[in-house]
Amino acid sequence: MEDSSMISLLSSLISTKIYSIGLTAGGLIWMMKRIIRSLLLKLNCCAATPAELPLNSRTLTPTLSPTPAAPKPRKTLAQPAPHRAARRPPGRHHADGRSAPPSRLPPPARRRAAPSGPRGLGPCGAARVPRVPVAALPRGPLSASWLGVSLHPPASTGAAPPSVAGLALPGLNLSGQLPAAPLALLRRLRALDLSANALSGELPCSLPRSLLDLDLSRNALSGAVPTCLPASLPALRSLNLSANALRFPLSPRLSFPASLTALDLSRNALAGAVPRRVVADPDTSSLLLLDLSHNRFSGEIPAEITAFRSLQALFLADNQLSGEIPTGIGNLTYLQALDLSHNRLSGIVPAGLAGCFQLLYLWLGGNRLSGALRPELDALDSLKVLDLSNNQISGEIPLPLAGCRSLEVVNLAGNKITGELSGAVAKWQSLRFLSLAGNQLSGQLPDWMFLFPRLEWLNLSRNRFVGFIPDGGFNVSAVLNGGGNDQGIPSEAVLPPELFVSATTDMTGQQLELGYDLRAAIGIDLSRNELRGEIPKGLVAMKGLQYLNLSFNYLDGQIPLGVGGMGRLRTLDFSHNGLSGEVPPEIAAMTELEVLNLSYNSLSGPLLTTDGLQKFPGALAGNPGICNEQGCSGDVGMPEGKREGSSRHSWLRGWHGENGWVSLGAFCISTMTSFYVSLATLLCSPKARNFVFRPARMEY
C-alpha cells in the first residue's frame, strides 16, 4: 500500500510540474499579446489615413504644394475616355474540365485592372502628396494645358472665352462625397470622369444638365440609383456606375433619355427584377450597350428587353435569373455580344438566336439549359466565341454547325454530348481554343485532331475516347510548335484559361467596338479517357507546349526521349498509365517545368538524384521498379508526410511515425488522466493527505 501511494505521489508531482509549466507559458504568451496590442494602439495615431483627408484638399491638388498661397495646379488637355466594359471568359472550368471555384476558360473571367494612382504611401498608410516648386506651377487664365481639363471652344479659335467642357481625374485616390454643388457651376461640362477613386456617399441629382458622358466607376458609392438621375441629365449619352456598392432594386420609373447609348451598372449589389424599360421609348432608343452583370437580379428576363432593336451588346451574367431565354431574342438583329452565363436559366437554346446573324460572342454557360444543339445556329457564320459549358446539353454535335466557319473559341465542356467527334468540328479552321471536356463522347480520335493551324488549347479530357492518339499533323499549328500568333505567346502559363472581352463606344457614341483577348497556357489535355498504345513522338516534339496531360489512360511503351526538347513545358502529367522503361534523364534538365507527375506506372531503373527531380516529391510514386540507394520500393518518391514512417510532427501521430516508440496523443492523454486521478485521490482520501503532508522525521 505504501509503495503504491509513493508511485501515485510521484506521478502527481510530475503531472503538477508539467501543468505548472503549461500555465506559465500561457501566461507569458498572454502578457506578450497585451504589450503588442498596446504598442499597435499607440502607433495607429502616428498619421491620418487617406479616407480622413477632406475631399476639398485633394480634388485638384495631386501635384500641389500645401502652401496656402500656391496657385492652381498645372493641367493638360485630355479628351473624355470612351466607355469600356471588360468581359469575362467563357465558362468556368479548370484545364482538366473540372468546375472552377467561384473565385473563374473555361469560363471567360471578367476582370478589370486595378488602377494604380500616382500617390505613394507614407508611414501608417498616410497618403503622400508629391510637392512641386511654386515657380513650376501654372499661372494666368484658364488654359487647355491644365491636367484633366478640356475646353470648349478651344482658346486658339479666338472666339468667346472658353469654358470647361471636360474634367478627367481618374485614379487619383480622391475620397469623400461627390462635390455636386461645385460641379453644378460648370454649366457647359460635357464629360466627367472620376473613375478609379475612393468617392463615397450617394449619387446626387444636381450634376450639370449639359453632361453627355459620366463615368463614376470603381469607387465606393452606395445607396440606390435615384429616380431623379435620368431627369437631371436629359442629354446623357453614356453612364458608367460599375464596380461600386450600389444596392436595392431599380425603380420601375427609372427611365433614361433616348440619347443614352451605353449603360453600365455591373459589379454592384443591385437586386430585384431586371427593369422592363431602361429607356422611355424603345422605338427611338439609341441604346447600344446594356451591362447589368455581376449583381443580384432575380426573376425572368423580361420580354420587353428584346424591343431595343439598336442593342449591340447585352450582358446579364452572374445574377440569379431564372426561366427561359425569351423567344424574341432574335429580334435583336444588331446584337453582337450576348452574355447570359452563370444564372439559373432553363429550357432549350432558342432557335430564334439564328436571327441575331451579326452575333460575334455568345455565352450561355453555367445555367440549366437542356436539349440538343440547334442546327439553326449554322446561320451564325460570324460567330467567334461560343460557350455553352456546364449545362445539360445532350445529343450529338450536329453537322450543320460546320457553317460556323469563323469560330475561334468553343467551350462545350460539362454537358451530356454523346456520339463520335463530329466532322463539323474539322471545318472550324480558325479554332484557337476547343474544350469538350466532361461529356460522353466516344469512338476514336480523328486523324484531323491536330490539323488546326491556329490551335492553342485542346481539352478532350473526361470522355470515353478509345484507340490510339493520332500520329500526325503535329507540325500544323505554329503556336504549338513554338511560333507566334496575333497576340503573342503569354509570358506565363495561365490556368485555367481566361478570355477578356472589351466593349468600347467610339468618341461619337454611335458605334460599339468589340474585341477579345485569350490568355491561356499552350496545352493539350487528353486525360481520363481509354486511350491505348504508345505516346507519339511527334506529340512531345511540339516545342511550344506549356501543358501536357495524358493521365488516367491505358498508354504503354516508354516515355519518348524527345520530351526533353519541350523547353517551355511547365506541366507534364503521364500518371496512372502503363508506361515502362527508365525515366529519360533530360527531364531533370527542364528548367521551366513546375509540375511533374509520372506516378503509378511501371517505370524502372535507378532514381535520378539530380536537383532537377528533387523538387518534385511524389512524381515517381507507385513505380515499384524505381530504385534508390536503399533499394527498390513502391514507396520511392512518395510525398513527404504521406508515406509510411513519415518523420513529420502531427497531432495524434508519433514523434517517430505511426509505428514509433511513443504516441504523442497517448502521452498527453495519460498525463492529464494521471494528474486528475492523483488530484482526486489527494482530496478525497484522508490517508493519502496524511501521507503526503505528514511532518518529516529527522533520524540521526
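All of the numbers you see were taken from the coordinates with simple rules; none came from a lab. The structure presented is a predicted model; accordingly, all values stated were derived computationally and were not measured. Don't worry about glycine lacking a Cβ; one is built from the backbone with ideal geometry, like all the others, and counts go over all protein chains shown.
Structure notes:
- Around Arg276: net Lys/Arg minus Asp/Glu count, Cβ-Cβ under 12 Å: 0
- Sorting Tyr554, Tyr361 by the number of Cβ atoms found within 10 Å of their own Cβ, with the fewest placed first, yields Tyr554, Tyr361.
- Residues Tyr547, Tyr676, sorted so that the one with the fewest Cβ neighbours within 10 Å comes first: Tyr676, Tyr547
- Karplus-derived HN-Hα couplings along the range 556-573 (A = 6.51, B = -1.76, C = 1.60, θ = phi - 60°), whole Hz, x at Gly and Pro: 10, x, 9, 6, x, 5, x, 4, x, x, 7, x, 9, 5, 10, 10, 10, 10
- The residues packed around Cys228, meaning those with a beta-carbon under 15 Å from its beta-carbon, carry a net charge of +1 if Lys and Arg are +1 and Asp and Glu are -1.
- Distant-in-sequence amide H partners of Gln558 (H built 1.01 Å from N, under 5 Å): Ser580
- Couplings for the range 358-366, taken from phi via the Karplus curve 6.51 cos²θ - 1.76 cosθ + 1.60 with θ = phi - 60°, read 9, 5, 10, 10, 9, 10, 10, x, x Hz in order; Gly and Pro are left as x.
- For Val349, distant residues with modelled amide H under 5 Å away: Ser370
- Mean projected area in nm² (Cα convex hull; one quarter of hull surface) for the range 388-499: 7.0
- With N counted as the residues of the range 525-632, its alpha-carbon radius of gyration over 2.2 N^0.38 Å works out to 0.99.
- Length-normalised contact order for the range 525-632 - Cα pairs under 8 Å, 6+ apart - percent: 21
- Label-to-label distance, Leu451 versus Ser206, with points set 7 angstrom from Cα along the beta-carbon direction: 7.1 nm.
- In the range 292-354, Cα pairs under 8 Å separated by at least six residues give a relative contact order of 37 percent.
- Ordering of 586-592, 362-368 by packing [mean C-beta count within 10 Å, highest first]: 362-368, 586-592
- Taking θ as phi - 60° and the Karplus parameters 6.51, -1.76 and 1.60, the scalar couplings of the range 332-340 work out to 7, 6, 9, 5, 10, 9, 9, 10, 10 Hz in sequence order, x denoting glycine and proline.
- The amide H of Cys627, built 1.01 Å from its N in the peptide plane, has Gly605, Leu607 as neighbours under 5 Å, considering only residues 5 or more places off or on other chains.
- Distance between the range 158-237 and the range 422-449 - C-alpha centres, whole angstrom: 51
- Cα centre as origin, Lys/Arg/Asp/Glu Cβ charges: the range 525-632 dipole, Debye: 220
- Potential extension, Leu683-Gln444 segment - 0.36 nm per residue separation minus Cα distance: 78.0 nm
- Overall Cα dimensions of the range 333-431 - principal axes, largest extent first, Å: 35, 30, 20
- Local electrostatic count, Val563, Cβ distance below 14 Å [Lys/Arg +1, Asp/Glu -1]: -1
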